[in-house]
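This report refers to the structure that appears directly beneath it.
The values are calculated or read from the model by the stated rules, or taken from the named source; none is laboratory data. Predicted model only: the values in this text are computed from it and were never measured. Methodologically, a virtual Cβ is constructed for each residue, glycine included, from the backbone with ideal geometry; neighbour enumeration extends over all protein chains shown. Ligands, DNA and RNA are excluded from the accessible area calculation, which covers all protein heavy atoms including side chains. Shrake-Rupley method; radii C 1.70, N 1.55, O 1.52, S 1.80 Å.
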Amino acid sequence: MNVSSPLDKRPYLPYDHRMHYSPDNPPPSVLHAFVETCRRTPSKPCLSFEGQTYTYAQVYGAARAYQSYLPDMGMLPGDRVALYLANSPAFLAAYLGIWMAGGTVVLINTQYRQVELHHILSDSGARICITDANSTAPLAPFAEHVFVYAAGNPDGHLTSADDPQGRGVRWHTPDELPAPDSLALLAYTSGTTGRSKGAMLTHRNLAANSAAVTTAWHWTADDTLLLTLPLFHIHGLGVGIHGTFLAGSTVDLRRRFDAAAVYDTLSNGDVTLFFGVPTMYTRLLAEAAQCDPHGTRPAPPLRLFVSGSAPLNPHTFAAFEQRFGQPILERYGMTETGMNLTNPYHGERRPGTVGQPFPGQEARIVDIQTRQPVPPETEGEIQVRGPHVFQGYWQRPDATAAAFDSDGWFNTGDLGWVSSDGYFTIAGRARELIITGGYNVYPREVEEVLLTHPALSEAAVLGLPDTDLGEQVVAVVVARTTLDAAAQHALATELIALCREQLAAYKKPRQVRFVAELPRNALGKVQKHLLAQHLSSSAG
Ligand code: MLC
Ligand code: AMP
């Protein structure tokens, strides 16, 4: 699809220096918005992390250092540069620095291991991978193909954090920053074939989405976001960080989610926004019940709680409202599109639904077979369209063509329906996908690893309901020989360890069940719904 080269000086509309971005007036890029905030309010706190606060000028300075250094590492404008970094100030500096140098960021989950790393590094063609001192080991096998650079301080803090006021800084001018239609991100999203695909998002896509999100949620420079989501996925990065930069606000960034620490921070009144996956909300409720069994403490004084990445159980919604004094705002998004649908900021937040299109975007339901729009209350596939939708899959014209219809609607692969008053409900998935604690697992990828074990003849992976994670990964396997209970137990342990070694740890099966054969339909396809029914009725 049409992705221009970086820094190509293509003309674009001048952006509004008053910084009231909106879907009608998005910045050319998130980087433009960031630099504009730096220029206007250099000494404003941008980021706090483990006891240290960094101003916008300090983050800018650290990003600029990457911009200068990357060419010394051999980077050329237009290169893809991989980030394999945990949440830290260094992540943000490297991220912005790659953009300043005209590069495309390739996001990699730090839990990824050999199978995923091999695929993403070779598919993206990244020649440089920025990591931290703690994460270099899994990259060792790839050191011949990518230049592995361990960023700054081992603890992820910024090394060049002098000049908090940004005195003496010459800020980038807008025309020194990437062109809106150049490629900002390659975000890998697991594919139905087991091979993940790089979703190509331009600077324009990201800026448009963030302008819609900040407008819909009334996000302003006065906000402080508590962010515990990982930055290598679109929820933490595209919603949390890009929104912070567009609004010119502050982020309290954590290395990871810790229910006790989050509950504590929410209660002390220093933050105004919290974004999480449903598992975080169920864990926060459990934490509140433990710390305040009678519910006598005042509700945390936050402005907004947002949930997404997986379905929020209406019971969790109700329990949270009762305990925390406000309804969670549920929204729906995807790596390929950023955020698509949202419950309203003002107005009814309807449990079990994901609300309506963000401003400046469209969404509709089409019949699975005919691909024609269906009336309200009728189930079909959700399609979305707008300036936030990605440009296609990296070097996968086949997959790109299949993802869009001739009018430019993107097929999300999610099933749902819309009420007569315009609220969308997600009813299921057209593709095989397990969502566990907000992370996506494609069964095929796990099955392929399981089947490398010589003791197995067949394997099927599926998701079963889980009170903490929403769904848990379960493997159903057929052994080549009959095994007694002890041998089954030993093999199950081996299989889990095999997946743990080859794949991200959250993809490993939590249970392995042995069956004599897998149920198949007349075409030979494994009938996973029958397996799920069977396992649910014989749980244990
Ligand atoms: C961690 N583990 C998981 C898991 N997270 N297993 C299954 N599902 C998960 N989600 C495993 C670890 O690998 C580890 O395995 C063990 O559980 C304990 O790890 P942990 O680090 O203590 O986990 P914890 O901190 O409890 O993490 C749970 C969590 C986390 C919910 C906080 O999973 C999380 O941050 N999820 C958010 C994911 C996210 O950002 N998704 C957005 C994608 S973008 P072992 O073997 O080491 O013991 C998207 C678009 C959109 O979806 O709409 O937003
Ligand atoms: P990813 O590919 O990691 O970007 O995950 C995107 C998928 O997460 C979507 O296609 C949905 O299946 C799911 N998802 C995101 N938000 C929600 C939500 N609020 N409710 C249900 N599913 C969601």
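Quick notes on this structure:
- Global form of segment 30-177, assessed from the alpha-carbon gyration tensor, a/c cut-off 1.5: prolate
- For segment 30-177, share of DSSP beta bridges that run antiparallel, in % to the nearest 5: 25 percent
- DSSP finds beta bridges in the chain, and of those with both partners inside it, around 60 percent are antiparallel.
- Taking label points 7 Å from Cα along the Cα-to-Cβ direction, Thr493 and Ser536 give a separation of 3.2 nm.
- Under the criterion of Cα pairs below 8 Å and six or more residues apart, the relative contact order for the chain equals 12 percent.
- Efficiency of FRET from Cβ geometry, His294 and Glu348, R₀ 35 Å, rounded to 0.05: 0.70
- If a spin label sat at a point 7 angstrom from the Cα of Asn134 along the line to its beta carbon, the backbone N atoms of segment 77-95 nearer than 18 Å would be those of 83-94.
- ³J(HN,Hα) computed for each position of segment 213-218 - Karplus, 6.51 cos²θ - 1.76 cosθ + 1.60, integer Hz, glycine/proline x: 5, 5, 5, 5, 9, 6
- Between 0 and 90 degrees, the angle of helix 114-124 with respect to the longest Cα principal axis of the chain falls at about 50 degrees.
- In the chain, taking the dipole from charged Cβ atoms about the Cα centre, the farthest positive-side position among Leu450, Pro180, Ala319 is held by Pro180.
- Cα convex hull of the chain - mean projected area over all directions, nm²: 25.8 nm²
- Each peptide in 261-274, 51-64, 482-495, 28-41 gets a packing score, the mean of other Cβ atoms within 10 Å over its residues, and the list from highest to lowest is 28-41, 51-64, 261-274, 482-495.
- Full extension of the segment from Ser68 to Val169, taken as 0.36 nm per residue of separation minus the current Cα-Cα distance, would add 34.9 nm.
- With each label modelled as a point 7 angstrom along the Cα→C-beta vector, the Arg40-Leu483 pair spans 6.1 nm.
- Sum of -39500 (n - 2.57) over DSSP H runs of 4+, divided by residues of the chain (222 nm, nearest 500): -8500 deg cm²/dmol
- Using Cβ point charges alone (K and R +1, D and E -1), the dipole size of segment 96-250 about the Cα centre works out to roughly 360 debye.
- Estimated FRET transfer efficiency when R0 is 45 angstrom, pair Val515-Asp421 (beta carbons, to 0.05): 0.45
- Per residue, the chain exposes an accessible area of 40 Å² to a 1.4 Å probe, with every protein chain left in place.
- Using the Cβ-Cβ distance between Glu50 and Arg444 with R0 set to 41 Å, the FRET efficiency from 1/(1 + (r/R0)^6) comes to roughly 0.60.
- Ligands, DNA and RNA left out, the 1.4 Å accessible surface of the chain is 52% carbon and sulfur atoms.
- Under 5 Å from the amide H of Val306 lie the amide H atoms of Phe274, Phe275, Gly276, Leu329, each residue being 5 or more positions distant or on a separate chain, with H modelled from the backbone and absent for Pro and chain starts.
- For q = 0.11, 0.18 Å⁻¹, Debye-computed log10 I/I(0) when each Cα of segment 434-539 counts as one equal scatterer: -0.31, -0.86
- Think of segment 30-177 as a dipole: +1 on every Lys or Arg Cβ, -1 on every Asp or Glu Cβ, centred on the Cα centre; then among Gly125, Thr104, Phe142, Thr104 lies furthest on the positive end.
- Folded to 0 to 90 degrees: helix 528-537 orientation relative to the chain principal axis, Cα: 70 degrees
- The length gained on full extension between Glu144 and Asp407, counted as 0.36 nm times the residue separation minus their Cα-Cα distance, comes to 90.3 nm.
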